[in-house]
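Input: a single structure, listed below in structure tokens.
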Amino acid sequence: MTSAATSVLVVANETLVGAELVDTLRRRAEHGPIRVSVVAPLTQPRRGYVVYRDSRRAAAGRRLDRVLAALRLAGIPAHGAVFDDEPLAAVKDVLASEDVDAIVVSTHPESTSGWLRKNLVEEVRKAAGNRPVEHVVSDVSGRAAANVLVVANETVLGEPLLDRIRQRAAEGPASFLIVCPQSDPSRGEHPEAERRLRGALSILRSEGIDAHGQIAHPDPFVAAMESVEDERTDEIIVSTFPGERSGWLRRDLVGRLRSQTGLPVHHVVVEDLVGAPA
């Protein structure tokens, strides 16, 4: 008599492309039949709202398709979905609606994992009850597209910035998150910032560049650090007006980001653009 397959819930997003995850599941299958359900949560900003979220969803969907194909090729029944919920909420939803015997959480290494900084693995263990939870670490930085954070507001449509993004995209696979700090935090809507951001994203996406963006915290340093905390970031591009025209430069935004993140920070100067300085 064939024993029932163990139901394994996998929680991962960018590390879905890591061989470590598939290898872990193959080893489990060697000890008895398993069936896998994959949850791929999308990272949500803690403040502001996302413009063109569909690029993130499409990228997550491509990673999900790759891991499902690899598992099926290994003879492991697998299905999955991209979730708009935060990872812990997604896990709780699945636990409430499906029979789950074990959970596997896959993350980046501690130095680059926003999930680990939020203590996700321990929170999943609490939600799992008596179910075993395995943590898989996968360093896919050399195998996945680089995540490039772009911080800009008034200069987001400047040709020097767009050209720098084009140049970076030509250098190798990259996904760009453009963060536009709010001009006026007391207002609920930011039509001018959104118009500029949508314009920049439309130009880049029409050229085949993977770009998405969000209106964020009014302080550019806080906005950038929140993004770095929320998800893996490999490098940063900051766009400003020159010299004394830029309040961001007067507050040493570029130097502070280099010091606090330890990441490469590239500064782009936009000389001429209609509007108030950033």
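The values are calculated or read from the model by the stated rules, or taken from the named source; none is laboratory data. Keep in mind it's a predicted model, so treat the numbers as computed, not measured. We place every Cβ from the backbone using ideal geometry, glycine too, and count neighbours over all the protein chains shown.
Exactly one of these conditions fails for Ile236: (1) in contact with a helix residue (DSSP H, G or I) (Cβ under 8 Å, 6 or more places away or on another chain); (2) within 25 Å of Leu42 (Cα to Cα); (3) assigned to a loop (DSSP other than H, G, I, E, B). Give me its number.
Only one criterion in (1) in contact with a helix residue (DSSP H, G or I) (Cβ under 8 Å, 6 or more places away or on another chain); (2) within 25 Å of Leu42 (Cα to Cα); (3) assigned to a loop (DSSP other than H, G, I, E, B) is unmet by Ile236, namely (3).
Which numbered condition in (1) buried (at least 16 other Cβ atoms within 10 Å of the Cβ); (2) under 25 Å from Lys118 (Cα atoms); (3) not hydroxyl-bearing (Ser, Thr, Tyr) is the only one that Val222 fails?
All conditions are met except number (1).
Got a sec? Which helices (runs of 4 or more DSSP H) wholly within segment 59-167 have at least 2 residues that are surrounded by fewer than 16 Cβ atoms within 10 Å (Cβ to Cβ)?
87-97, 120-128
Of these, Ser175, Ser227, Ser186, which one is at pLDDT below 90, touching a helix residue (DSSP H, G or I) at 6+ places or on another chain (Cβ under 7 Å) and of a type in the set (S, T, N, Q)?
Among Ser175, Ser227, Ser186, only Ser175 is at pLDDT below 90, touching a helix residue (DSSP H, G or I) at 6+ places or on another chain (Cβ under 7 Å) and of a type in the set (S, T, N, Q).
Any residue that is part of a strand (DSSP E or B), over 24 Å from Asn13 (Cα atoms) and not assigned by TED's automatic domain parsing to the domain that holds Glu86 - is there at least one of those in segment 239-252?
yes
Considering (1) in contact with a Ser or Thr (Cβ under 9 Å, 6 or more places away or on another chain); (2) modelled with pLDDT of 95 or more, say which one Glu98 fails and leave the rest.
Every listed condition holds for Glu98 apart from (2).
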